[in-house]
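Here the structure comes first, spelled out in structure tokens, and everything after it is commentary.
Please treat every number below as a calculation from the coordinates, not as lab data. Values in this document were obtained by computation on a predicted structure and should not be read as measured data. A quick note on method: Cβ atoms are made from the backbone with ideal geometry, for glycine too, and the neighbour counts reach across all protein chains shown.
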Ligand SMILES: Cc1cc2nc3c(=O)[nH]c(=O)nc-3n(C[C@H](O)[C@H](O)[C@H](O)COP(=O)(O)OP(=O)(O)OC[C@H]3O[C@@H](n4cnc5c(N)ncnc54)[C@H](O)[C@@H]3O)c2cc1C
């Protein structure tokens, strides 16, 4: 029987893979095939993706961005052509997809991604659906800090539905952000007038209480001098670019500082909360103006800091970034002067530690060894993992990772990254072995042409370091795995091509796929 594996990892989830899974499940119902969710398939730049396994052969299906594409996947698996003429079904699938994409973007506080396409959807819809979308639109604009625009939208919905509590409270939240104290007082009177039934007394009291809190926040806004009044973006804090250290012809470490209390922490604690060790990343808002990713004047990109969680709490953050000449966010960042204010999201969990799995529920075991297969800036994952192995850098008094860690890092000879830190970890024994695979330098213009290539003399003379001029291969992976006590967790992180190649080599050498975690980088 054929099997369809639908990727549910980061990039695919952002592209609506949860809805793709539901779609494929429904389309394949009663046909001769099974459908399952799966971790990263290594096709992050062509999300959403699925893998069809049939008669011992594999076929990767990418960019499953429409119901028709989902039907093609089912067709590859079953050989059956599906009838997609039912307009209601198409409409239902399309709107589920949009909702899922938006939900995922909201979960990650990616407001530009969440707002993408919503105006068009409003224009195409009618009746109650249209009003629902408008209130959602207003709410998202408020969360993105566009309060005036949010008010325009929500005040119209409020006029049309003056007794809707949901709309009224959304309206009040926006008014509070704008410091419109007297308008909130009007809403209090309005609440009293609409809750006249004695059964509504509790609701009325609750609403008046909530409005009172919003009014207090509005007063705070009015007391802030206008020149320092700045709309807040929900889930984000302001950082400042303090310095840039060039580390190769392509990459640099960007040093940020912040005193903003909204920056949060990778390890929220207090109020009886258990702190679960994790690796983490943050989202940067590159404010480059109008763009094709959504209606907001910024694009959202994830980064994994190489500095520690403690440093984040102290208001310092170092991020290693490769600059792409055609990269929208990175070429924007390269042009920013020191001192520029930059919005970063609060930290988001990437993987649970010590399992290195995306979900805590999936993580009952502690690996006896780790093999990190990383490429390019994927090396940032090593920094985060090793912080959990190093006393003084980990959260809490003792390291969560005690099992041996082996690293294979593939990079271009003109973009060797973190060699100083990796050598230090090797010397301290935190890294059992480090194999550096050097590939040819990138052709064409580089962003930092004057930076000298890394001096690897010290690395070459260190016993647990090997430097090879080659690419990752099955033979190398097999050799590395022979040194890894079981259960071993393999973490793969690099560009999509590297991830896909490693995944297929791991399969070829017979390594269990559920012991592999793949991260896009
Ligand atoms: C969880 C997570 C953590 C990440 N952490 C880091 C980090 O710490 N440091 C870091 O530098 N990046 C990191 N990235 C990648 C980062 O989010 C951006 O994708 C990257 O900086 C490029 O953004 P851009 O807007 O400049 O390029 P885009 O405009 O999105 O892409 C334009 C072009 O850039 C090139 N390009 C972009 N990304 C890649 C890639 N990964 N591999 C090969 N070519 C690419 C391609 O030529 C592409 O066509 C991370 C990604 C994720 C999902």
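How many angstrom lie between the C-alpha centres of segment 124-191 and segment 329-361?
Result: 31 Å between the Cα centres.
At 7 Å along Cα-to-Cβ for each site, give me the label-to-label distance between residue 26 and residue 486 in nm.
Here the modelled spin labels are 4.2 nm apart.
What are the extents of the Cα atoms of segment 276-320 along their three principal axes, in Å, largest first?
36, 20, 17
Taking 0.36 nm per residue of separation and subtracting the Cα-Cα distance, what length does fully extending residue 368 through residue 54 add?
109.7 nm
Assuming R0 = 41 Å, can you tell me the calculated FRET efficiency for the pair residue 273 and residue 81, based on Cβ-Cβ distance, to the nearest 0.05?
It comes to 0.20.
Dividing the convex hull volume of the Cα atoms of the chain by its residue count, what figure in Å³ per residue is obtained?
Considering the Cα atoms of the chain, their hull volume per residue is 185 Å³.
Show me the ranking of peptides 222-228, 154-160, 374-380 by mean Cβ neighbours inside 10 Å, starting with the highest.
For the peptides 222-228, 154-160, 374-380, the packing ranking is 374-380, 154-160, 222-228.
Is the C-alpha gyration tensor of segment 438-500 telling us rounded, prolate or oblate? Criteria: a/c under 1.5 is rounded; beyond that, a/b larger than b/c is prolate, otherwise oblate.
oblate
Let me understand segment 128-277 better: what is its radius of gyration from the alpha carbons, and its Dmax, in angstrom?
20.3, 72
Which of rounded, prolate or oblate describes segment 9-110 when judged by the alpha-carbon gyration tensor and an a/c cut-off of 1.5?
oblate
Which Rg and Dmax, in Å, describe the Cα atoms of segment 299-422?
Reported Rg and Dmax, both Å: 15.9, 46.
I need the peptides 231-238, 438-445 ranked by packing, meaning the mean over residues of other C-beta atoms within 10 angstrom, with the highest value on top.
231-238, 438-445
Once label points are set 7 Å from the Cα along Cα→Cβ at both residue 246 and residue 474, what is their separation, rounded to one decimal in nm?
Here the answer is 4.3 nm between the modelled labels.
Gap in Å between the Cα centre of segment 193-251 and the Cα centre of segment 1-75?
For segment 1-75 versus segment 193-251, the Cα centre distance is 40 Å.
For segment 373-423 and segment 252-288, what is the separation of their C-alpha centers, rounded to whole Å?
19
Contour minus end-to-end for residue 210 and residue 328, with contour as 0.36 nm per residue of separation and end-to-end as the Cα-Cα distance?
38.3 nm
Rounded to the nearest 5, what % of DSSP beta bridges with both residues in segment 1-142 are antiparallel?
Of the beta bridges lying entirely in segment 1-142, close to 60 percent run antiparallel.
Length gain on complete extension for the stretch residue 3 to residue 439, per 0.36 nm per residue less the alpha carbon to alpha carbon distance?
153.3 nm
Please compute the volume of the convex hull spanned by the alpha-carbon atoms of segment 314-378 and report it per residue in Å³.
155
Taking R0 as 60 Å, what FRET efficiency do you get between residue 402 and residue 224 from their Cβ-Cβ distance, rounded to the nearest 0.05?
Given R0 = 60 Å and the Cβ-Cβ separation, E is 0.75.
By the gyration tensor of its Cα atoms, with a ≥ b ≥ c the square roots of the eigenvalues, what is the shape of segment 53-102: rounded for a/c under 1.5, prolate for a/b over b/c, or oblate?
oblate
Order 187-193, 298-304 from most to least packed using the mean count of other Cβ atoms within 10 Å.
298-304, 187-193
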